[in-house]
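Novice: Right, I'll just put the structure down here and ask away after.
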Amino acid sequence: MIDEHTDRRLLTAPLDPEVHQRMARLQQLGLGNRPVREFDEFAARLASWARTPLAMVNFIGEDQQYFAGLYAGNSTNQGVLEAAQSSSNASVSRVMARDHGWCPYVVVRRKALVLDDVCAYPRFSGNPVVDEIGIRSYIGAPLIDSTGVALGTICAVADHTSDWGRPGLETIKSMAAELVDMIQRRR
């Protein structure tokens, strides 16, 4: 019998058959469990391009996501930032449950995802971050390294609809490739 937690997780996070391979690769690279200053800087640049209050470099494990790069700052529209801060009692956390958000879908599908208005997509509108944090738009792309492992994602979110569309899709994919190159050079 499936318990409530497992049932809810299956509804909001996709089955991830490569999680163990990803975790081993992240360990080899020394990533996925601590902040990285260069990734924070990258997230700030991503947020600026996307015009969002939150952007992340996200590595995904079995049960949680870890934001090794995080920008949670200056925006004229502070809704998402304030909600995220209040839910973690002071500052935006670098850890989030695996079943929150859309990055697990991006990693499993290995394709970029643009949700200019998450509420327009029934499959994605029921995600816990919609109600808990007020996320209304999402853009993300997978970080696929030279070994073919999808390590995680880069993403940006906002509490308003966006108009990234096809140009945004191309830009986020290009930025993901840039970050993968940065990861390869770190070795």
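The values are calculated or read from the model by the stated rules, or taken from the named source; none is laboratory data. What you see is a predicted model, and the numbers here were worked out from it, not measured in a lab. All Cβ positions, glycine included, derive from the backbone under ideal geometry; neighbour counts span all protein chains shown. Quick note on the areas: whole protein, heavy atoms, side chains included, nothing else; ligands and nucleic acids left out. Shrake-Rupley method; radii C 1.70, N 1.55, O 1.52, S 1.80 Å.
Novice: According to the Cα gyration tensor, what semi-axes, each the square root of 5 times an eigenvalue, does the equivalent ellipsoid of segment 90-177 have, listed from largest to smallest in whole Å?
Specialist: Each semi-axis is √(5λ); the values are 21, 16, 12 Å.
Novice: Using a 1.4 Å probe over the heavy atoms of the protein chains, calculate the carbon and sulfur portion of the accessible area of segment 128-187 as a whole percent.
Specialist: C and S atoms contribute 47 percent here.
Novice: Another one. With a Förster radius of 30 Å, plug the Cβ-Cβ distance of residue 62 and residue 116 into 1/(1 + (r/R0)^6) and report the FRET value to the nearest 0.05.
Specialist: After rounding, the FRET efficiency stands at 0.50.
Novice: Tabulate in residue order the Karplus-calculated ³J(HN,Hα) for segment 28-38, using 6.51 cos²θ - 1.76 cosθ + 1.60 with θ = phi - 60°, rounded to whole Hz; enter x for Gly and Pro.
Specialist: 4, 7, x, 10, x, 9, 7, x, 10, 3, 4
Novice: Would you mind pulling out the separation of the Cα centroids of segment 154-187 and segment 9-75, in Å?
Specialist: After rounding, the separation between the Cα centres reads 12 Å.
Novice: Also, I was wondering about something else. Per residue of segment 170-187, what does 6.51 cos²θ - 1.76 cosθ + 1.60 with θ = phi - 60° give for ³J(HN,Hα)? Whole Hz please, x for Gly and Pro, Karplus curve as stated.
Specialist: Rounded to whole hertz, the list is 5, 5, 5, 5, 5, 5, 5, 4, 4, 5, 4, 4, 4, 5, 4, 5, 5, 6.
Novice: In what sequence, largest accessible area first, do 187, 25 appear using a 1.4 Å probe?
Specialist: Per-residue accessible area, sorted high to low, gives 187, 25.
Novice: Also, quick follow-up: Can you give me the distance in nm between label points at residue 174 and residue 186, each placed 7 Å from the Cα along the Cα-to-Cβ direction?
Specialist: 2.3
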